[in-house]
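The values are calculated or read from the model by the stated rules, or taken from the named source; none is laboratory data. The structure presented is a predicted model; accordingly, all values stated were derived computationally and were not measured. Heads up, the Cβs are rebuilt from the backbone with ideal geometry, glycines too, and the neighbour counts pull from every protein chain shown. Ligands, DNA and RNA are excluded from the accessible area calculation, which covers all protein heavy atoms including side chains. Shrake-Rupley method; radii C 1.70, N 1.55, O 1.52, S 1.80 Å.
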Amino acid sequence: MAHSIIRLASSSSARRFATLSIAETTAANVVPTYARYPMTLTHGDGAFVWDEGGRRLLDLGGGIAVNSLGHAHPEVSAALLEQSQKLVHTSNLYFTQPQADLAASLVRLIGPGKVFFCNSGAEANEGMFKFARLHGIAGQAEEEAAAAPRMNVITTIDSFHGRTLGGVAATGQDKIKAGFGPPIDGFTHVPYNDLAAVEAAIDERTSAIMIEGIQGESGVRPATAEYLLGLRRLCDERGLLLLFDAVQCGHFRSGSFQSYTKILEGHPDPAAATFRPDGISMAKAMGAGVPIGAFWLDERVADMLSAGRHGTTFGGNPLACAVANRVLDVIERDDLVANINDVGEHFVSSLRAIQTEFPNVLCDVRGHGLMLGVEVAAGAPGVPADAASAAGHFVGMLHERGVMTVPAGTHTVRLLPPYNLTIAEADEGIAAIRSVAEELSN
Ligand code: PLP
């Protein structure tokens, strides 16, 4: 026994020796910032994961819009293995092929400009906020900049832009700001999809307007085409930057590389065909689970972030970039954009049929591509009156049926599945959603 204790203690599985469960060990040692579901996951394959009891679950949450190719994708594993045998990290003091290739691909996909690499969505936004200040102040005379620096960013109510101090200040939700003292200066929030409200909020200190093409965390709310075109017009007229937080809705999730292209598809206004923001942040689906973030800046302004202005140690390291390159290759090779649109449309028509069948339980289905929200009706009969969130209650009932989704806001069940989800897999999720709606309707 003593011998096996020593052997186990010296192996990487020493932690398993504890009598505590994984959940208990986590609770005892990890700061409790997350309200976790009582599920411990051990491995995955495609759209499925397994828990420690061997139960198979259909993952339609995708690690909150991250696992773009599902779990254990062979190409992601191969890219990790191949690159890890060459170079994992170099710092940004040197050039590497994977970073150069990824930057060139992103510029090809978005438009003429340049890319800054980082490690997460919040960090990408933080860089864009710094850039917005730099750009605004640089356009002012010295005295004017000292008296009233043009560094303010207008964002929207119910937006989410990350958990850094800048991200928290930019986020239009009080619950995210609570407890952290005065938010850093320079952010104003206006109602989403309301052009007049943005226009009224612009003053001499405004440097930029930043929106999500589809608001994610607060309930999957897409921007309208008129809003996007109006924002571009306003920014052009007033000399402001138009910034997009595409951390969740970008990277093909909407069925187009960027959600604005999807939203403006077929719009008769000629401005729709040439629409482009001045800056776009991205992360999540980029690395299919390997942490990587970035922001793109239009060619007219990108060189303003000159050497020494901004930086990060890990950002754009060869390992993360090699995976992100492979993710783009697989999406293109397997024509996953067509799949995102086909499976997304199948979800929407099937979910709308369920909404029609159980209108007292489901009141809306919205979104684009594979970023979809199903709204649980206020006062849905089977949802306990004391449930903290109707969406959370619905998600819990889906877990019982072996399907994972993510709540958004208090009433929206969010579907963010992998881009290679099949119609048969989608049908398994749809059947579970119908079964929950049916149970709640009685
Ligand atoms: N922006 C948006 C729109 C997001 O949805 C998120 C995360 O959910 C973030 C920023 C923050 O990204 P991260 O968690 O990678 O810092």
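Determine if the range 99-116 includes at least one residue that is within 16 Å of the ligand (Cβ to nearest atom) and under 20 Å from the mean Cα position of the chain (by Cα). Yes, the range 99-116 has at least one match. Does the range 137-144 contain at least one residue that is open to solvent by 60 Å² or more (accessible area, probe 1.4 Å), in the same structural domain as Phe244 (by TED's automatic domain parsing) and within 17 Å of Asp298 (Cβ to Cβ)? Yes, the range 137-144 has at least one match.
With respect to (1) in a helix (DSSP H, G or I); (2) open to solvent by 20 Å² or more (accessible area, probe 1.4 Å); (3) in contact (Cβ under 8 Å) with a residue 40 or more places away in the chain, the lone exception for Arg366 is condition (1). Scanning the range 159-180 for residues that are away from the ligand (no atom under 11 Å from the Cβ), part of a loop (DSSP other than H, G, I, E, B) and open to solvent by 50 Å² or more (accessible area, probe 1.4 Å) turns up Ala178, Gly179, Phe180.
If I filter the range 266-283 for residues that are away from the ligand (no atom under 16 Å from the Cβ), open to solvent by 10 Å² or more (accessible area, probe 1.4 Å), part of a loop (DSSP other than H, G, I, E, B) and free of Cβ contacts under 8 Å to residues at least 12 places away in the same chain, do I get at least one hit?
Of the residues in the range 266-283, the ones away from the ligand (no atom under 16 Å from the Cβ) are 266-276, 278.
Applying the additional criterion that residues be open to solvent by 10 Å² or more (accessible area, probe 1.4 Å) yields 266-276.
Keeping just the survivors that are part of a loop (DSSP other than H, G, I, E, B) gives 266-269, 275-276.
Retained after the next criterion (residues that are free of Cβ contacts under 8 Å to residues at least 12 places away in the same chain): 266, 268.
Scanning the range 266-283 turns up at least one residue that is away from the ligand (no atom under 16 Å from the Cβ), open to solvent by 10 Å² or more (accessible area, probe 1.4 Å), part of a loop (DSSP other than H, G, I, E, B) and free of Cβ contacts under 8 Å to residues at least 12 places away in the same chain.
Among the residues of the range 307-336, those identified as open to solvent by 40 Å² or more (accessible area, probe 1.4 Å) and within 19 Å of Gly255 (Cα to Cα) are Arg326, Asp329, Glu332, Arg333, Asp334, Asp335.
Among residues of the range 287-299 that are more than 24 Å from Gly62 (Cα to Cα), those with a beta-carbon under 8 Å from a residue that is within 11 Å of the ligand (Cβ to nearest atom) and open to solvent by less than 10 Å² (accessible area, probe 1.4 Å) at least six positions away or on a different chain give the pairs Trp296/Met282. Taking each residue of the range 416-442 that is among the small types (Gly, Ala, Ser) and looking for partners that are open to solvent by 60 Å² or more (accessible area, probe 1.4 Å) and not in a helix (DSSP H, G or I) with beta-carbon atoms closer than 7 Å, six or more apart or interchain, yields Ala432/Arg401; Ser435/Arg401; Ser441/Asn360; Ser441/Pro381.
Among the residues of the range 208-220, is there at least one that is part of a loop (DSSP other than H, G, I, E, B) and more than 16 Å from the ligand (Cβ to nearest atom)? Before you say what the answer is, go through the steps one by one.
Filtering the range 208-220 down to residues part of a loop (DSSP other than H, G, I, E, B) leaves 212-213, 216-220.
When the remaining residues are screened for being more than 16 Å from the ligand (Cβ to nearest atom), the result is none.
No, the range 208-220 contains no residue that is part of a loop (DSSP other than H, G, I, E, B) and more than 16 Å from the ligand (Cβ to nearest atom).
Only residues that are open to solvent by 10 Å² or more (accessible area, probe 1.4 Å) and not in a helix (DSSP H, G or I) were counted across the range 227-252, and they come to 5. Screening Ala197 with (1) assigned to a strand (DSSP E or B); (2) away from the ligand (no atom under 12 Å from the Cβ) gives one miss only, at (1).
One line per residue, one yes/no per condition, for (1) farther than 27 Å from Gly44 by Cβ; (2) outside the structural domain of Leu60 (by TED's automatic domain parsing); (3) in a strand (DSSP E or B); (4) not aliphatic (A, V, I, L, M):
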residue: Ala353; (1), (2), (3), (4): yes, no, no, no
residue: Glu375; (1), (2), (3), (4): yes, no, yes, yes
residue: Gly379; (1), (2), (3), (4): yes, no, no, yes
residue: Gly382; (1), (2), (3), (4): yes, no, no, yes
residue: Ala385; (1), (2), (3), (4): yes, no, no, no
residue: Ala391; (1), (2), (3), (4): no, no, no, no
residue: Ala426; (1), (2), (3), (4): no, no, no, no
residue: Arg434; (1), (2), (3), (4): no, no, no, yes
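Against the list (1) touching a helix residue (DSSP H, G or I) at 6+ places or on another chain (Cβ under 7 Å); (2) open to solvent by 30 Å² or more (accessible area, probe 1.4 Å); (3) free of Cβ contacts under 8 Å to residues at least 40 places away in the same chain, the condition Leu398 fails is (2).
Could you tell me which residue of the range 130-158 is farthest from the ligand (Cβ to nearest atom), considering only residues that are in contact with a Pro (Cβ under 9 Å, 6 or more places away or on another chain) and under 22 Å from Leu305 (Cα atoms)? Walk me through it before giving the result.
Step one: list which residues in the range 130-158 are in contact with a Pro (Cβ under 9 Å, 6 or more places away or on another chain), which gives 133, 136-137, 140, 156-158.
Subset that is under 22 Å from Leu305 (Cα atoms): 133, 136-137, 140.
Details: Arg133: 19, Gly136: 21, Ile137: 24, Gln140: 29 Å.
By that ranking, first place goes to Gln140.
Please determine whether any residue of the range 253-263 is of a type in the set (Val, Ile, Thr), buried (at least 22 other Cβ atoms within 10 Å of the Cβ) and closer than 20 Å to Thr405 by Cβ. No, because not a single residue in the range 253-263 is of a type in the set (Val, Ile, Thr), buried (at least 22 other Cβ atoms within 10 Å of the Cβ) and closer than 20 Å to Thr405 by Cβ.
Criterion first (within 16 Å of the ligand (Cβ to nearest atom) and surrounded by fewer than 16 Cβ atoms within 10 Å (Cβ to Cβ)) does Lys86 satisfy it?
No: the conditions fail for Lys86.
Gly70 meets all of the listed conditions (1) touching a strand residue (DSSP E or B) at 6+ places or on another chain (Cβ under 8 Å); (2) open to solvent by 40 Å² or more (accessible area, probe 1.4 Å) but one, namely (2).
State all residues of the range 52-67 that are open to solvent by 30 Å² or more (accessible area, probe 1.4 Å) and away from the ligand (no atom under 16 Å from the Cβ); if no residue qualifies, say none. Scanning the range 52-67 gives Glu52, Gly53, Gly54, Arg55, Arg56. If you check Gly316, Gly289 for being in a loop (DSSP other than H, G, I, E, B), touching a helix residue (DSSP H, G or I) at 6+ places or on another chain (Cβ under 9 Å) and closer than 17 Å to Ala104 by Cβ, only one passes: Gly316.
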